[in-house]
Amino acid sequence: TTTEYYRISDDENNRESIDYTFTYDKKFSKPKQTLSIITNFSNGSSTSNDNQLSYPLIEYDSFDPIPEKSSQKRKDTDLNIQADYVHPFGEKGKIEAGYKGIIDEMDTDYKTYGYDETTESFILDTARSNHFIFEENIQSGYLQLNNQSGNIGYQLGIRAETATNLSQLLDTDQNFENPYTSYFPSASLSFGPPKLFQIQASYSRRIRRPSSRHLNP
């Protein structure tokens with residue numbers, strides 16, 4: 001069977017957050033030698049309440065108007081620490097090294113309610129509700145070499161990353177752990193006068209992590 005309907009939704013959202021950022025920059029007597037450190041901490045919470053009413057179109061009378069409502073409470077805590085050091089050598093060469101640490105925690109409590117006509121009240125729909133907690137700890141470091149000799153420039157780098165994450169479904173008492181270690185090499189080679197014309201070939205490996213919408217079942 002085919003059913004077509006339209007839905008009226010009345011949604012209210014509230015969010016509060018606070019962020020702290022600390023930065024430190026050091027310049028040395030040697031030109032182009034630098035050290036920078038950035039630390040960011042954020043803590044936020046949000047709530048949402050959604051009331052919905054679904055109506056079948058005129059030619060579809062398979063159901064009466066269906067009222068539903070849902071609510072969500074979410075808390076997010078994020079800590080990011082990043083340090084980058086640049087050490088020049090020769091005329092155009094430099095070595096770069098750095099560290100980055102990310103610690104995140106997300107707590108999402110989502111509830112959906114269906115309407116019981118017998119009792120004329122909303123009943124929690126446990127099949128479509130869940131309380132999900134996700135924790136992630138990522139530690140990474142990188143080392144990169146850049147240099148230019150005449151019309152030839154090159155760059156070689158490597159970044160190593162170790163991550164641990166834990167997913168918890170509190171309603172079903174299920175825990176999932178997924179630790180992994182990854183390596184990301186990079187290289188590039190360029191030929192030609194830098195300010196006039198250059199041909200460049202490069203290679204890099206990247207990662208794209210899933211968002212919270214993809215992680216929460």
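Could you grab the pairs with beta carbons closer than 6 Å, sequence gap of 6+ or different chains, first residue in the stretch 113-136 and in contact (Cβ under 8 Å) with a residue 12 or more places away in the chain and among the aromatic types (Phe, Trp, Tyr), second one part of a helix (DSSP H, G or I) and open to solvent by less than 90 Å² (accessible area, probe 1.4 Å)?
134/215
Please list, ordered by first then second residue, the pairs with beta carbon atoms under 6 Å, 6 or more apart or interchain, first in the stretch 29-50 and on the phi > 0 side of the Ramachandran plot and in contact (Cβ under 8 Å) with a residue 60 or more places away in the chain, second open to solvent by less than 70 Å² (accessible area, probe 1.4 Å) and in a strand (DSSP E or B).
Cβ pairs passing all conditions: 32/88.
Scan the stretch 178-190 and give yes if some residue there is in contact with a Lys or Arg (Cβ under 9 Å, 6 or more places away or on another chain), among the aromatic types (Phe, Trp, Tyr) and part of a strand (DSSP E or B), otherwise no.
yes
Sort through 66, 102, 18 and tell me the only one that's closer than 30 Å to residue 187 by Cα and touching a residue at least 24 places away in the same chain (Cβ under 8 Å).
Of the residues listed, the single one that is closer than 30 Å to residue 187 by Cα and touching a residue at least 24 places away in the same chain (Cβ under 8 Å) is 102.
Against the definition (at pLDDT 95 or above, assigned to a strand (DSSP E or B) and open to solvent by less than 50 Å² (accessible area, probe 1.4 Å)), how does residue 202 come out, yes or no?
In short, no.
Can you find, within the stretch 205-214, the residue that is farthest from residue 146 (Cα to Cα) among those that are part of a loop (DSSP other than H, G, I, E, B) and open to solvent by 80 Å² or more (accessible area, probe 1.4 Å)?
209
Among the residues of the stretch 155-166, is any in contact with a Phe, Trp or Tyr (Cβ under 9 Å, 6 or more places away or on another chain), over 28 Å from residue 206 (Cβ atoms) and among the charged types (D, E, K, R)?
no
Those residues that are surrounded by 12 or more Cβ atoms within 10 Å (Cβ to Cβ), within 21 Å of the chain's Cα centre (by Cα) and not aliphatic (A, V, I, L, M), I need them from the stretch 16-43; list them, please.
Within the stretch 16-43, 39, 40, 41, 42, 43 qualify.
Select from the stretch 1-15 the residues that are in contact (Cβ under 8 Å) with a residue 60 or more places away in the chain and open to solvent by 80 Å² or more (accessible area, probe 1.4 Å) and list them in ascending order.
1
List pairs: first residue in the stretch 201-217 and more than 26 Å from residue 167 (Cα to Cα), second residue of a type in the set (A, V, I, L, M) and not in a loop (DSSP other than H, G, I, E, B) anywhere in the structure, Cβ distance under 6 angstrom, at least six positions apart or on different chains.
What qualifies is 201/189; 203/187.
Taking residue 176 as the residue in question, decide whether it is open to solvent by 80 Å² or more (accessible area, probe 1.4 Å), free of Cβ contacts under 8 Å to residues at least 12 places away in the same chain and not hydroxyl-bearing (Ser, Thr, Tyr).
In short, yes.
The values are calculated or read from the model by the stated rules, or taken from the named source; none is laboratory data. Keep in mind that this is a model prediction, so the values were computed, not measured. Cβ sites come from the backbone with ideal geometry, for glycine too, and all protein chains shown count toward neighbours. Accessible surface areas use protein heavy atoms only, side chains included; no ligands, DNA or RNA. Shrake-Rupley method; radii C 1.70, N 1.55, O 1.52, S 1.80 Å.
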